[in-house]
Structure formats: structure tokens, C-alpha cells
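Here's the structure, in C-alpha cells; my notes come after.
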Amino acid sequence: MKIISLFLFFSLMTPPTYSWSPVVLQGVRKLDDKLSLSRSPFFDRYQFSLWGSIRARLYDPRTKKTYLSSRYLKNSVKASFGIADAKHPELYVYIPGIFNNVNEGQTSRAFVRMKKIAKNVLVLPNPWGTDYLEARPTHKPGDVVREAESLYDLTLDFLAQQNLPENTKIRLFGASYGAFLAAIYANVDRSLTKNLVDDKVYVFSPPLNMGQTIRNIDQLMWEDDFFNRRLSDKDMALAFLDYVFAKSERDLSVKSKILSTPLTVRGGFKEPFRESIDIYFRNHPDYKSNEKYFFRTYLEQLAPELKTLLDSEVADLDYWISSGKEAYGLDIKVLSSQNDFLNNYVYSGLYPEDHYWFFQNGGHLGFIELDEFVDFLKLTKTAQ
């Protein structure tokens, strides 16, 4: 009994062991401290998310553009890149969040930041973005496995175009839906004879379970349709300026705080979702152009085969992280927040600490606008 008691005592007293690099962990803890309940600049999840989204539009990436091909696209699609040293055997690849093309806020911010720490950078389009859908994919939106394979094809085409060294290693990053695809992308790479992706992969604010995330977004879109709050151009312009100059929620007007939810839901999800569905299905016999589609009705009416896929184990992020680790030695690191509305009703405590870090605050991708996040990115380079 004494031996058991001593074992339990030391088990409780010993802090959890993380497989995070000590250098990277230093950056994560600094960011975690910034996002604590006592120090966080924002506490409301929608205000934090909207602040990060709006401020992302201030970045001027000055990128080069190229068109890339995939076996799943009938036409080529635009990507942005910067090559400072074509002989350097390293390429940073970034997969943005849902609906993002390569010339938009989130992708512009990512490029600017990556270019400060890497010589060679490639930013891919999100498969739900209008650029990708206009390239006429042969798969439907939401087919996560084919989407990841397609993005991998685009990367291979880019490597060939730029004539980068054969031993080039890919440093992979992803955000939101792009984070989920990055986890699959890394597994796709490791299933092949020649592996390009580095062991360490970093993803931010991913859907933890795609099925639950779809239900969460549908609920937000339904509520926005139901309340149908009218937003004038003046309201949106004033709110935009408010969030651009705000350093914390104390700098926001009452009206800007109230508008954070409808602006986040409409601009970030509802309107681009319905636009993307219209682009892909406008000539489909079952498509109803006057219907207000939700993810659920889209899957049931236009893509029932994907509903089955997204109800399976492949719709769970940890499936890809665990299988990648066990089968291929991949080490996928997740940074997210406990108040990310994409992951409502998903208990973060169930996810292993050696791969997941959940901040107390941060909303959905809001925390990546912070200076402390930039410091973290720099440390991921140093740790290699």
C-alpha cells in the first residue's frame, strides 16, 4: 500500500510530459499567458475572431502568382508564392481557412509572416474558395480526402515549376478547415515512397470533429437567418474601423460589440458558403438557386455520399493525428482555444496534451493576430 501511495503521490506531483520542443513550448506558454483570463485583450469569442479577421486585411503581401494543376481539377488554379533562394531545400506551405483564395486577408497575413522566417513560401487556395471551385474540381466541396490529395498535387506541380532541389522538405502549416486538410495532406505524403513533409506540422484552430463543426455552423447560420438583423453600409464601415484600431475589447463601441456575431457569421461563413455552393452546383439538376442552403441540406440533397464520409472516423481530426503518428512518425501540433465556436460541444480535455494546446481565450483564429503568435512562429523555425 505504501508503494502504491508513493506512486500516486509522485504521479500527481509530476507535471505532464509534453513532446513539444522546449524552444517551441516556450513560445506556446508565452501565448498562453497572453490569452489567460486575466490578460486576454478580448473575452468574447466573436469579437476576438472578428478582430483577427478584419486586421488580417491590412497586410500587403506583394506576392508572385502562378497557376497550378491537379488530377482533380479540370483547369489550373491560382496560388501565391515567394522564392528567395531556389537552391535552398526548404519550402513553407500554408493551407488557409475555408473559402479563402490566395489574395485575401488571411492568406496575405500568412504569406507576410512566413516570408520573414522562410526563404521559400507557397500559399495554396482553400478548396471551398471561389478560385478553386472556378477551376472545376471533379470532386464535391467537402470531400476532405480528395481535397487534401488535390492540394498535394498542386504542391508537386509547384516544385516542378520552380525546379526546386529534389531533397526539398516541406514545412506545413494550416488554419481552420485548412488545418484539418493539412493533417490529411501530411498523411497522404507519408503514404508515398518519397516523403516531402517534415515530421513537425503546425495547425491552428482546426475543426476537431467535422460533423459537430457542421452542426455548429448550421446553427449559427440558422440563427442569423431567423433574426435577420439588418446591417447598413454605415454600420459595417464603422464597425470595421473600430476593429482595425482596437487593441482590446475596451476600445470597441457597444454597437461594434453587438455586431460581432452577425458580422462573423455572415462574412465568414453564411454568405461565402452559399456563393461557393452556387458556383459548383449552378448547373446541377437538383440545385435550387433560390433555396437558403445549410451544410446539412447541402449534404442531404446534393452530396449524400459526403454525409456518410463526414459521419465516419475520417471526419475526426485525431484520427489523422493518431494514425500519422503511429504509422508514419508524424508529429502534428494543434493550437486552438477553448472558446472556438467551431468546436462547441466538443470537450477539449479529451485530447492528448502531447499534440493539442487549448488556450483559455482566442476565439476562432483570433489569437493568430497577436504579436506573441508571431514570436511562436519564429521559434518553430529555430527549433528545427
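What the table shows:
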item	result
Among 250-263, 117-130, 50-63, the order from most to least packed when residues are scored by Cβ within 10 Å on average	117-130, 50-63, 250-263
Sorted largest first, extent of region 166-233 alpha carbons per principal axis (Å)	55, 29, 15
Cβ-placed point charges (K, R +1; D, E -1), dipole of region 51-92 about Cα centre in debye, nearest 20	240
Square roots of five times the Cα gyration tensor eigenvalues for region 76-122, Å	20, 12, 8
Eligible lysines near LYS255 by straight Cα distance, threshold 16 Å, same-chain separation 8 or greater	LYS234
Difference of contour (0.36 nm per residue) and Cα-Cα distance, ALA160 to ILE83	26.4 nm
Rg to Rh, two decimals, where region 243-354 supplies the alpha carbon set and Rh follows Kirkwood	1.06
Relative contact order (%) - criterion: Cα under 8 Å, at least six apart; region: the chain	25
Packing rank of 147-157, 221-231, where each peptide gets the mean count of other beta carbons within 10 Å, highest leading	147-157, 221-231
Segments 286-297, 24-35, 306-317 sorted - mean Cβ within 10 Å per residue, highest first	24-35, 306-317, 286-297
Cα-derived Rg over Rh, computed across region 267-309 with Rh taken as Kirkwood radius	0.95
Cubic angstrom per residue, convex hull over Cα atoms of region 150-204	76
Cut-off 19 Å (backbone N to label point 7 Å along Cα→Cβ of ASP199), residues of region 17-45	17-26
Gained length - PHE43 relative to ASN283, 0.36 nm times residue gap less alpha-carbon distance	82.0 nm
Given LYS78/LYS247; LYS247/LYS292; LYS78/LYS270; LYS87/LYS381; LYS119/LYS333; LYS115/LYS333, the pairs whose alpha carbons are separated by over 26 Å	LYS78/LYS247; LYS247/LYS292
Point-to-point label distance, SER191-GLU313, nm (Cα→Cβ direction, 7 Å offset)	1.4
Cβ-derived FRET efficiency at R0 41 Å, ARG136 paired with GLN338, nearest 0.05	0.55
Bridge type composition, the chain - antiparallel percent by DSSP, nearest 5	30
Proximal aspartates and glutamates relative to LYS34, as straight alpha-carbon distance under 20 Å, when same-chain residues fewer than 8 apart are discounted	ASP44, GLU249, ASP251, ASP340, GLU353, GLU369, ASP371, GLU372, ASP375
Cα convex hull volume per residue for region 293-384 (Å³)	143
5 Å binning of all Cα-Cα separations within region 127-250, expressed as whole percents from 0 upward	2, 8, 13, 15, 15, 15, 10, 9, 7, 4, 1, 0
Hits among aspartates and glutamates - C-alpha to C-alpha of LYS169 under 20 Å, sequence gap 8 or more where chains match	ASP85, GLU90, GLU149, ASP153, ASP157, ASP189, ASP198, ASP199, ASP331
Dimensionless Rg over Rh [region 238-300; C-alpha; Kirkwood]	1.19
Whole-angstrom gap from region 145-159 to region 242-269, using each part's C-alpha centre	36
Geometric extent, Cα atoms of region 194-294 - Rg, Dmax (angstrom)	18.1, 55
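The numbers here are math on the coordinates, done by the rules we state, and not lab data. The model shown is predicted, which means the values in this text are computed figures rather than measured ones. Virtual Cβ from ideal backbone geometry, glycine too; neighbours counted across all protein chains shown.
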